[in-house]
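One structure is given here, and the rest of the page talks about it.
Bear in mind these aren't lab numbers, they're just calculated from the coordinates by the rules spelled out. In this text the structure is predicted, and so the values were computed from the model without any measurement. In this analysis, Cβ positions are derived from the backbone assuming ideal geometry, glycine residues included, and neighbour counts consider all displayed protein chains.
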Amino acid sequence: MEAHFNDLDLNHDGTLSRSELRAAFERMRLLECTLGMPNAKTPDELNDLYNCVFEKFDADHSGTVDLAEFCMQMHDILLAIADGLGSSPLQVAIDEGSFLQDAVKHEATMAA
């Protein structure tokens with residue numbers, strides 16, 4: 001998770017700014033799609049969503065997201081994804097080097 005955090009920390013100051021976190025979520029298009037399909041939102045609606053996401057990550061309300069805050073929220077997000085998948089026989093395509101792939105590898109080593 002630290003490697004992903006460092007990739008997102010564009011200015012290498014050890015924290016994620018609002019713009020750095022937003023850029024990451026924009027690249028993933030998570031807030032602009034519903035079940036993988038584009039979901040038209042106005043620019044104001046998108047700004048509100050991105051601001052809510054940042055506030056959730058910035059647990060101590062410092063105005064930046066540190067590694068611990070990032071890991072805590074990503075842990076919760078990945079658990080929510082796993083919970084949503086449940087025990088359904090579902091094949092998921094996972095991008096090489098993605099957060100989800102790293103989480104799967106981590107859980108596989110823990111189970112072994």
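Counted residue by residue at 0.36 nm each, then reduced by the alpha carbon distance between them, the extension gain from Asp7 to Lys56 reaches 15.6 nm.
Distance between the pseudo-spin-label points of Thr109 and Ala68 (7 Å out from Cα toward the beta carbon): 2.3 nm.
Summarising the amide proton neighbourhood of Leu16: residues at separation of 5 or more, or on other chains, whose placed amide H is nearer than 5 Å comprise Val65, Asp66.
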